[in-house]
Amino acid sequence: MKFIHTADIHLDSPLRGLSRYDGAPIKQIQTATRRAFIKLIDFACNEVVDFVLLAGDLYDVDWKDYNTGLFFNQQMSRLHQANIPVFIVLGNHDADSVITKQLRLPNNVIKFSSKQPETHKLEQLKVAIHGQSFAKRAVTDNLSTSYPKAIPGYFNIGLLHTALNGRPGHAKYAPCTMSDLLTHDYDYWALGHVHKREILHENPWIVFSGNLQGRHIRETGVKGCTLVTVENEAINLRFVPVDVLRWEVIHLDISDVEVIDDIVDKVRETVNELVQRVNIPLALRFIIEGRCTFHNDLHNNSTYWMNEIRSTVTDASLDNIWVEKVNIQTKAIHTISTQDEGPLAELSKFFHDLPQNDEELQTLLTEFKFLKNALPTDIYQDNIDLSNPDTICQLLGGVEKLLMARLQDKTGLG
């Protein structure tokens, strides 16, 4: 017996981060989730799997139109022709209350109820699949406690969208513990919601398959599904990459670079290595770091160097690698300390103390609120939350480096 465990498809999710400069692969970005899903269906048909499990968040948001549903049904019809059934639970992104448009699903697709746990059996395989969908986006109850006990003589699978006991970057929906899952005596728990693949337990298996396609720079590395093979009571798992665009963060230490123009050579060497190693398009974030004598020049002319790096990557990669962002985080050889005296030291101390000063932070947030309202909508970036104190604190480091570099350059102290 073979089956595929997948989750968090987020069909038609708008991949963000690459469409803000000329030459970005906008079409490849917009179609990435669909193309990754097609690769999944291709693999399922070629592998002749017995069934497919989808553990929530098939869709990203409510359909803009019916094209999203039509595309999904077309792919399900391909599995129908191959006699491959599909079992789905809804997650927080595609809960019953979120997706308002509906199309009748092909006969091979079984969607679990959101009212209570259900069990569907594949009698020929002696498989019992237990699951429950989300009724609303924010499910805070432990759904797993209501799942039935394992059925004797069957291979029992639990299909669940959950944060388990919590994972960074994921809302704590349908929380539960490992003990909650283990008490059911299932053979395999197919989990969704967490986008990083993780094997939590073996024999019985408790697995987050991760998402099918990275959608932004916080979802780096290879993405795909899990192929589960059961033979003579032995259960084997195989990770299958199906992503069509991969996100990576490159930390480039330029401490050993003596001439500023040689930075592009180091970038080119890095890209050439990637081209040899990775055979799908890449979206990169470069973090330029290390202590160097030209720290001030980099920050004073950051826009030039960001675009110089983008141009170098395009030239070296034949349009297979794009730069999502360049963060310049270098340090000067001689830095200003908060223990020093003078105006620059006072400024450094101000930046150091600001995150701990709630009153000053609130004043800053108020100013940013007026700034946001004054900005044209085509300039303001929605993914930067200027009302969040944590966001402001994260940005302060970059602001300090930029100001210090320019002031040191003007005063000749760099």
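Where a number appears in this text, it was derived from the coordinates with a stated rule and is not lab data. Remember, predicted model here, so these are calculated numbers, not experimental data. All Cβ positions, glycine included, derive from the backbone under ideal geometry; neighbour counts span all protein chains shown.
Look at Arg238, Arg310 and count the other Cβ atoms within 10 Å of each Cβ; fewest to most, that gives Arg238, Arg310.
Taking a straight Cα-Cα cut-off under 14 Å and skipping sequence neighbours fewer than 8 places away in the same chain, the aspartates and glutamates within cross-link reach of Lys39 are Glu47, Asp243.
With the cut-off at under 19 Å, measuring from each backbone N in the stretch 240-262 to a point 7 Å along the Cα-to-Cβ line of Glu308 picks out 251-262. Label the stretch 67-190 by shape, choosing from rounded, prolate and oblate, from the square roots a ≥ b ≥ c of the eigenvalues of the Cα gyration tensor; if a/c is under 1.5 it is rounded, and otherwise prolate applies when a/b is larger than b/c, oblate when it is not. It comes out oblate by the Cα gyration axes. In a fully extended conformation the segment linking Gln276 and Arg238 would gain 11.2 nm over its present Cα-Cα distance, using 0.36 nm per residue.
Here Lys149 is the anchor, and the lysines within straight C-alpha reach of less than 17 Å, apart from those fewer than 8 places off in the same chain, are Lys121, Lys126.
Excluding same-chain neighbours fewer than eight residues apart, the lysines reachable from Lys64 by a Cα-Cα span under 20 Å are Lys27, Lys101, Lys136. Normalising the average separation of contacting C-alpha pairs (under 8 angstrom, six or more residues apart) by the number of residues puts the relative contact order of the stretch 66-213 at 17 percent.
Is the shape of the stretch 72-136 best called rounded, prolate or oblate, per the rule: a/c under 1.5 gives rounded, else a/b larger than b/c gives prolate, else oblate, with a ≥ b ≥ c the square roots of the Cα gyration tensor eigenvalues? It is oblate, given that a/c is not under 1.5 and a/b is not larger than b/c. When only Cα pairs below 8 angstrom with a gap of at least 6 residues are kept, the stretch 245-333 shows a relative contact order of 40 percent.
Hey, how much of the P(r) for the stretch 1-160 falls beyond 24 Å, as a percent of Cα pairs?
Details: 4782 of 12720 pairs.
Of the Cα pairs, 38 percent sit more than 24 Å apart.
Note on Lys64 and Ile26: their simple-model spin labels are 1.2 nm apart, each label 7 Å out from Cα toward Cβ. Inter-label distance, Lys136 to Asn73: 3.0 nm, where each label sits 7 Å from its Cα along the C-beta direction. Peptide packing: for 286-298, 59-71, the average count of neighbouring Cβ atoms within 10 Å per residue gives the ranking 286-298, 59-71, highest mean first.
What shape does the stretch 164-256 have by the C-alpha gyration tensor, where a ≥ b ≥ c are the square roots of the eigenvalues, rounded means a/c under 1.5, and otherwise prolate means a/b greater than b/c and oblate the rest? Since a/c reaches 1.5 and a/b is larger than b/c, the shape of the stretch 164-256 is classed as prolate. With only Cα atoms counted, the stretch 236-340 has Rg and Dmax values of 16.3, 61 Å.
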